[in-house]
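The values are calculated or read from the model by the stated rules, or taken from the named source; none is laboratory data. Only a predicted model underlies this, so the values are computations on that prediction, with no experimental measurement involved. Using ideal geometry, Cβ is built from the backbone for each residue, glycine included, and neighbour counts are taken over all protein chains shown.
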Amino acid sequence: MPETSTARPHAKPESGITVTFLALRGVQAGREYFVALCPLKLVPRLFAFHDPELPPELRAQRALNTARVPEIARYLVENPSSFVLSALSASVDGDVIFEELHTGGGSAFGQLSMPMESRLLINDGQHRRAAIEAALEERPELGNETVPVILFLDAGLTRSQQMFADLNRYAVKPTRSLGILYDRRDPLARLACDIATTVEPFRDHTEMEKTSLSNRARMVFTLSALYQGVTALLGNPKGTEVSADEAATATRYWTTVGELIRTWGFVKPGFTSAELRGAYVHTHAVALHALGIAGAALIARRPAGWEASMKKLASIDWTRSNPLWEGRAVRNGQITKAGPSVTLTANVIKTRLGLGLTEEEARHEKRLGQEVARAAA
């Protein structure tokens, strides 16, 4: 005989409408919970947000960051046959009933029913919930897809706030380099990985997982820094296709740069990777990004003869102690990759290659000159 859960009494719904999910029942820390499969079309109707006007102490979730939602929604819309959504977690504020269809292994499989007017307050996944709603407006056919939902029986605000804290306590976002390495949807990521593994001096000298390098690391570059340089060179927004000609040009460009910066990436006996990074600016993210910016300007100005024009790159003194880099790639003795630093570093490269500066780049030069004058006064 099927068993009915007695963890929550079941009353007749006011609307007369009951929602039923296939679900697994389990127990964590002595508390009953359920894992259900929810059609996407029901997510906006069932899952509620806390009123954003409520003060944080009266909510069990952070305020919704609306800037994050369009990107997730676009991911769903553009990848209808291959998207992956992790489970939502929510507390059920309403009567539920669970009928077991099979029992075994410490959990139970069955049907979970609840009144349509039940409120499911999200403990984790509010941005996914908002993105699902936005994606359904553009692609209603996604409504029949499902997302796993972990449902906890509501135990009040204090418990819900603790659940939010616990669910996010040990969350660690993957490094940017690892995200690029594993991203098969972004053509720029694929190109950066190809360059990192085939082009000298990046081959065997690029850290593919970590975004920062310790003094003991044997690598010279990071994949995330190279990705910034490749993106700046091509000027393509993330996710746009890269043509065969663009890929070939990018490969030739970074190969040429490697040939002209003779100390770039070649770690010789008695000279460690850490010493190379400590002695030169050109191994750091700010330089790779700047080289990409300068390369884009050069190729746009001289599409047929850019390779010959790059020879002057070999004359740049990249040593960190060179006063030229202070206030640009180096500030107060530390390498910096802030936006203005990237621009000012790119200005040096563009000027050496005989390229003019844009109005914005010229304004950065003027500000730097004023800073230098004030410091000397």
**OP:** Specify the residue that is farthest from the chain's Cα centre (by Cα); the eligible residues are those in the stretch 321-337 that are assigned to a strand (DSSP E or B) and of a type in the set (A, V, I, L, M).
**Re:** V330
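What about P269, is it farther than 16 Å from W306 by Cβ, within 24 Å of the chain's Cα centre (by Cα) and at pLDDT below 85?
Values: farther than 16 Å from W306 by Cβ: yes; within 24 Å of the chain's Cα centre (by Cα): no; at pLDDT below 85: yes.
Spelling it out, it is not the case that P269 is farther than 16 Å from W306 by Cβ, within 24 Å of the chain's Cα centre (by Cα) and at pLDDT below 85.
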Original post:
Is it true that S224 is among the small types (G, A, S) and either outside the structural domain of H289 (by TED's automatic domain parsing) or modelled with pLDDT of 90 or more (or both)?
Top reply: yes
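Restricting attention to the stretch 310-318, does a residue exist that is of a type in the set (S, T, Y), more than 25 Å from A375 (Cβ to Cβ) and touching a residue at least 24 places away in the same chain (Cβ under 8 Å)?
Taking the stretch 310-318 first, the residues of a type in the set (S, T, Y) are 315.
Subset that is more than 25 Å from A375 (Cβ to Cβ): 315.
Restricting the remaining residues to those that are touching a residue at least 24 places away in the same chain (Cβ under 8 Å) gives 315.
Yes, there is a match, as at least one residue in the stretch 310-318 is of a type in the set (S, T, Y), more than 25 Å from A375 (Cβ to Cβ) and touching a residue at least 24 places away in the same chain (Cβ under 8 Å).
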Original post:
Does the stretch 30-51 contain any residue that is over 29 Å from the mean Cα position of the chain (by Cα), more than 17 Å from S118 (Cβ to Cβ), at pLDDT below 90 and surrounded by fewer than 15 Cβ atoms within 10 Å (Cβ to Cβ)?
Top reply: yes
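May I ask you to list the residues in the stretch 176-198 that are of a type in the set (V, I, T) and either buried (at least 21 other Cβ atoms within 10 Å of the Cβ) or not assigned by TED's automatic domain parsing to the domain that holds V242 (or both)? Steps first, please.
Just the residues of the stretch 176-198 that are of a type in the set (V, I, T), to begin with: 180, 195, 197-198.
Matches in the stretch 176-198: I180, I195.
Tell me the residue from T351, T345, T283, T255 that is surrounded by fewer than 19 Cβ atoms within 10 Å (Cβ to Cβ) and in contact (Cβ under 8 Å) with a residue 40 or more places away in the chain, please.
Working: T351 fails: in contact (Cβ under 8 Å) with a residue 40 or more places away in the chain; T345 fails: surrounded by fewer than 19 Cβ atoms within 10 Å (Cβ to Cβ); T283 fails: surrounded by fewer than 19 Cβ atoms within 10 Å (Cβ to Cβ).
When all the criteria are applied, what remains is T255.
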Original post:
Does any residue of the stretch 52-71 turn out to be surrounded by 13 or more Cβ atoms within 10 Å (Cβ to Cβ), in contact with an Asp or Glu (Cβ under 7 Å, 6 or more places away or on another chain), part of a helix (DSSP H, G or I) and modelled with pLDDT of 85 or more?
Top reply: no
Subject >> Tally of residues being part of a helix (DSSP H, G or I) and either closer than 25 Å to A314 by Cβ or of a type in the set (F, W, Y) (or both) across the stretch 338-363 >> reply: 13
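So that you can scan it fast, the table gives a plain yes or no per residue for (1) modelled with pLDDT of 85 or more; (2) assigned to a strand (DSSP E or B); (3) in contact with a strand residue (DSSP E or B) (Cβ under 9 Å, 6 or more places away or on another chain):
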residue: R74; (1), (2), (3): yes, no, no
residue: S86; (1), (2), (3): yes, no, yes
residue: V92; (1), (2), (3): no, yes, yes
residue: E100; (1), (2), (3): yes, yes, yes
residue: G110; (1), (2), (3): yes, yes, yes
residue: N123; (1), (2), (3): no, yes, yes
residue: H127; (1), (2), (3): yes, no, no
residue: E141; (1), (2), (3): yes, no, no
residue: P148; (1), (2), (3): yes, yes, yes
Original post:
When E275 is evaluated against the numbered criteria (1) buried (at least 20 other Cβ atoms within 10 Å of the Cβ); (2) part of a helix (DSSP H, G or I); (3) not hydroxyl-bearing (S, T, Y), which criterion, by number, is the only one it fails?
Top reply: (1)
Original post:
Given the structure, is E246 out of contact with any helix residue (DSSP H, G or I) (no Cβ under 7 Å at 6 or more places or on another chain) and free of Cβ contacts under 8 Å to residues at least 60 places away in the same chain?
Top reply: no
Original post:
Which one is surrounded by the fewest Cβ atoms within 10 Å (Cβ to Cβ) among residues in the stretch 205-250 that are of a type in the set (S, T, Y) and closer than 10 Å to S177 by Cβ?
Top reply: S212
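Considering only residues that are part of a helix (DSSP H, G or I) and within 22 Å of the chain's Cα centre (by Cα), look in the stretch 198-230 and name the one that is nearest to G292 (Cα to Cα).
The first filter runs over the stretch 198-230 and keeps only residues part of a helix (DSSP H, G or I), leaving 198, 223-230.
Next, from what is left, pick out any that are within 22 Å of the chain's Cα centre (by Cα): 223-230.
Numbers: L223: 14, S224: 13, A225: 11, L226: 9, Y227: 10, Q228: 8, G229: 4, V230: 6 Å.
Only one residue tops the list, namely G229.
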